[in-house]
Structures are given as structure tokens and as C-alpha cells.
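A.B. asks: Supplied in C-alpha cells, the structure appears directly below.
Every number here is computed from the coordinates shown, using simple stated rules; none is lab data. Please read these numbers as outputs of a predicted model, since none were measured by experiment.
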């Protein structure tokens, strides 16, 4: 039974509405939590955040960590010479430790590279010796083949000479005919 054009149009409309509804739900599912989290964060930050007091001794550790520098603490302890000296000592100590670690890593890498180079030289030497043995064997084989070919040529010449003499003395080449 065929559907009328009104029913077909109505089915397509329902299908389009359902597809649009699913798309809106997916967008809400993907984007909604992010927007909700940001709105919630703004509302709680405005309502419950008291004025901040800078305690430089606690915050200096955060200033040394890359990516965690907070702009509100950037001038914390700026005028205190003890804090500045300690910060410089900490930075120097961290840089020295970083340099020492880099040296250790580069030395380990260099040792590993030297070990690999020595192994490669050993393997190369081994394969070179094997190649020389193989080349010597091929040379010996070639010499033997050439010698065998020369002997075969001599044998054919000798056979041809004997056949010629046999024909001169009346020998007939009798070929057998198989029946």
C-alpha cells in the first residue's frame, strides 16, 4: 500500500525534527558542562573569596615552578633582601642541579653510543672476514671450473682426433634404431 504525499512529507518533517533534537542534545552534552563549570566558578569566586594576604615565605616556592607563576604574587618580597637572596640561591641551586643532570644524561648517552659503535665495529669486522672467506672460496671454485673446462676442451680434441683416425681406418658409426 503506497503512502500519500502528505504522509511522506509528515514523516520527513518528524525525521528532521528528531535529527535536529538529537543534534541540539549532543551540543548541549558537549558544551554544557564547560559553560556550567565556568558560571559556577565565577559565582563562587565572587561570593566566597575574601581579600588575599600575601605571605611571601609560602609563595616563593610557587614562583620557582614554571607554569605556576601567579601574577598576584609577582611583587611579593620584592623589597625584602633576605627573600631575594634566598630566591637567587634557590635558582642557582636549581640551575646547578639541572646542569649536573644534563651532564649525567649526556655522559650516559655518550657511553651508550660508544658501546654501540664498538659492537658495530666488531660485527663489521666479523662480516668482512666472512666476506673474505667467501671471496676466497669463490676464487677457488672459479679456478677449478676454468681448469675443468680446459680439461674438457682437451678431452674433446683428443676424442675428435681418435674418431678421425677410426674413420680413416674404416670404422663406421653405427647408430641403433629402436623399433
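A.B. asks: So if I take the centroid of the Cα atoms in the range 5-35 and the same for the range 87-119, what is the distance between those two points in Å?
C.D. replies: For the range 5-35 versus the range 87-119, the Cα centre distance is 59 Å.
A.B. asks: Just to be sure I follow: if Rg is taken over the C-alpha atoms of the range 126-167 and Rh is the Kirkwood radius over the same atoms, what is Rg/Rh? Walk me through the intermediate numbers first.
C.D. replies: On the way: Rg = 18.2 Å, Rh = 12.6 Å.
The Rg/Rh ratio comes out at 1.44.
A.B. asks: So how much slack lies between residue 109 and residue 127, counting 0.36 nm per residue of separation and subtracting their Cα-Cα distance, in nm?
C.D. replies: Numbers: separation 18, 0.36 × 18 = 6.48 nm, distance 2.67 nm.
So the chain would gain 3.8 nm between residue 109 and residue 127.
A.B. asks: At 0.36 nm per residue, and after removing the present C-alpha to C-alpha distance, how many nm does the segment from residue 101 to residue 34 gain when stretched out fully?
C.D. replies: Working: separation 67, 0.36 × 67 = 24.12 nm, distance 4.06 nm.
Residue separation times 0.36 nm, minus the Cα-Cα distance, leaves 20.1 nm.
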